[in-house]
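Structure first, commentary second.
The values are calculated or read from the model by the stated rules, or taken from the named source; none is laboratory data. A quick note: this is a predicted structure, and the numbers were derived from the prediction, not measured. No Cβ is skipped: glycine too gets one built from the backbone with ideal geometry, and neighbour counts run over all protein chains shown.
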Amino acid sequence: MPDRLTIRRPDDWHLHLRDGAALKAVLPYTAHQFGRAIVMPNLSPPITTAVAAQAYRARIIAALPANADFTPLMTAYLTDDSDADALAAGFADGAFVAAKLYPAHATTNSAAGVTDIRNIDAVLERMAEIGMPLLIHGEVTDHRVDIFDREAVFIDTILLPLMSRLPTLRIVFEHATTEHAVTCVREGGANIAATITPHHLLLNRNAMFQGGIQPHHYCLPIVKRERHRLALLESATSGDPHFFLGTDSAPHAVSAKETVCGCAGIFNAPSAIENYAEIFDAAGALDRLEAFASINGPRFYGLPVNAGSLTLERAPSVVPALVKLDDRDAIRPFRAGETLGWSIVEEDLS
Ligand SMILES: [Zn+2]
């Protein structure tokens, strides 16, 4: 087992940065570890136009620490009213790298999401034609479907029919959480891939209830049974190019998490790559971390891999207990206060 590992500078292919004070508080953590990130468009109101994406991108750049080398990759939030021409124009001029499908009411700030995928047939056909990736939050929102089954039902009733209608559409199945999802992606050909979060690799559903209710382990899609976690772990560490890093780091103030009706989301940005290193190390797959973190993602998106590198060492690193948000509130990171087994020791941004 090596004690030191140098990989190409990694990217985060699924990230929530929020806006305003939260953006300023969380962005330095991601910019420190990753060269690029796919930035989710679920602000309130959501990013639906190229103009809004460019303005948000400018706010992200303005919030970067000095000397940071970080490129935000912007996404469009699809609604029932999305226009194929406007989306294609935004993709052509680089305002958007991809478009995100949130089924309406699936997660944080998704009320404006798509109510029926057939409402956006024309948009999806155009995306397939121009090679614009579709990023999917893959859960049905029908409350009659058990929350632990919503991903599998989405795959059977929406994703598989979509893949057969539009086989050339490039799809990223975001934050895969089940055996069913990884099987679908692995067997789905070259036009589908999936991101996997550190928390879905580390937690099963017991973690939400261990020693009492654990609001900081509540996220959407919700963490699943142990056999699903093991399937994710096997896929992430297999070297299979269908799978790559996406943290789904989703900051919420402690006051919004530790309350009745606490909101969904896990803020893992402060120790994202250290968590993944620990996971790959425990699986005996450190030699495959680079493919997952730095190579498979850009290959799928048709982008160059980063020029720089990141060196990790088997040495303790402590996750911050809290990250200050503003004068009143803070954000509690995933595994707050814990000591992880890996540390970043060197970064070459070249
Ligand atoms: Zn997300």
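Does ILE60 qualify as being crowded, with 19+ Cβ neighbours inside 10 Å and away from the ligand (no atom under 16 Å from the Cβ)? Talk me through it step by step, then tell me what you get.
On the way: crowded, with 19+ Cβ neighbours inside 10 Å: yes; away from the ligand (no atom under 16 Å from the Cβ): yes.
Criteria met by ILE60.
Scanning region 53-87 for residues that are of a type in the set (S, T, N, Q) and closer than 21 Å to ALA106 by Cβ, which turns out nearest to the chain's Cα centre (by Cα)? Working first, answer last.
Taking region 53-87 first, the residues of a type in the set (S, T, N, Q) are 54, 67, 71, 75, 79, 82.
In the following step, the residues that additionally are closer than 21 Å to ALA106 by Cβ were identified as 75, 79, 82.
Numbers: THR75: 12, THR79: 20, SER82: 22 Å.
That would be THR75.
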- Any chance region 49-68 includes a residue that's within 21 Å of GLY265 (Cα to Cα), in a loop (DSSP other than H, G, I, E, B) and touching a strand residue (DSSP E or B) at 6+ places or on another chain (Cβ under 8 Å)? no
- Query: So, in region 11-30, of the ones that are touching an Asp or Glu at 6+ places or on another chain (Cβ under 8 Å) and within 26 Å of PRO133 (Cα to Cα), which residue ends up surrounded by the most Cβ atoms within 10 Å (Cβ to Cβ)?
  - Reply: HIS14
- Can you pull out the residues in region 79-107 that are out of contact with any His (no Cβ under 7 Å at 6 or more places or on another chain) and either at pLDDT below 95 or in a loop (DSSP other than H, G, I, E, B) (or both)? THR79, ASP80, ASP81, SER82, ASP83, ASP93, GLY94, ALA95, PHE96, VAL97, ALA104, HIS105
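So which residues in region 35-48 are within 15 Å of the ligand (Cβ to nearest atom) and touching a strand residue (DSSP E or B) at 6+ places or on another chain (Cβ under 8 Å), if there are any at all? Before you say what the answer is, go through the steps one by one.
Step one: list which residues in region 35-48 are within 15 Å of the ligand (Cβ to nearest atom), which gives 37-44, 46-47.
Once the filter is applied, which keeps residues that are within 15 Å of the ligand (Cβ to nearest atom) and touching a strand residue (DSSP E or B) at 6+ places or on another chain (Cβ under 8 Å), region 35-48 yields ALA37, ILE38, VAL39, MET40, PRO41, ASN42, PRO46, ILE47.
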- Can you tell me how many residues in region 1-34 are among the acidic types (Asp, Glu) and more than 16 Å from the ligand (Cβ to nearest atom)? 1
- Item | Single condition SER350 does not satisfy, out of (1) farther than 20 Å from HIS32 by Cβ; (2) in a loop (DSSP other than H, G, I, E, B) | (1)
- Note on the structure: Here, helices (runs of 4 or more DSSP H) confined to region 230-342 with at least 3 residues that are among the acidic types (Asp, Glu) are 272-282
- Query: Any idea how many residues of region 153-200 are small (Gly, Ala, Ser) and surrounded by 23 or more Cβ atoms within 10 Å (Cβ to Cβ)?
  - Reply: 4
- Have a look at MET127, MET74 and point out the one that is within 18 Å of ALA52 (Cβ to Cβ) and either among the polar types (S, T, N, Q) or not in a loop (DSSP other than H, G, I, E, B) (or both). MET74
- Message: Being within 29 Å of HIS252 (Cβ to Cβ), out of contact with any Cys (no Cβ under 7 Å at 6 or more places or on another chain), modelled with pLDDT under 95 and among the aliphatic types (A, V, I, L, M) narrows it down to one residue among ALA111, ALA76; which is it?
- Response: ALA111
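This table checks each residue for (1) crowded, with 22+ Cβ neighbours inside 10 Å; (2) touching a residue at least 60 places away in the same chain (Cβ under 8 Å); (3) out of contact with any helix residue (DSSP H, G or I) (no Cβ under 7 Å at 6 or more places or on another chain).
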site: TYR56; (1), (2), (3): no, no, yes
site: THR79; (1), (2), (3): no, no, yes
site: LYS100; (1), (2), (3): yes, yes, yes
site: PRO103; (1), (2), (3): yes, no, yes
site: ASN109; (1), (2), (3): no, yes, yes
site: THR115; (1), (2), (3): no, no, yes
site: GLY131; (1), (2), (3): no, yes, yes
site: THR141; (1), (2), (3): no, no, yes
- Those residues of region 178-215 which are polar (S, T, N, Q) and touching a Gly at 6+ places or on another chain (Cβ under 9 Å) amount to THR195, THR197
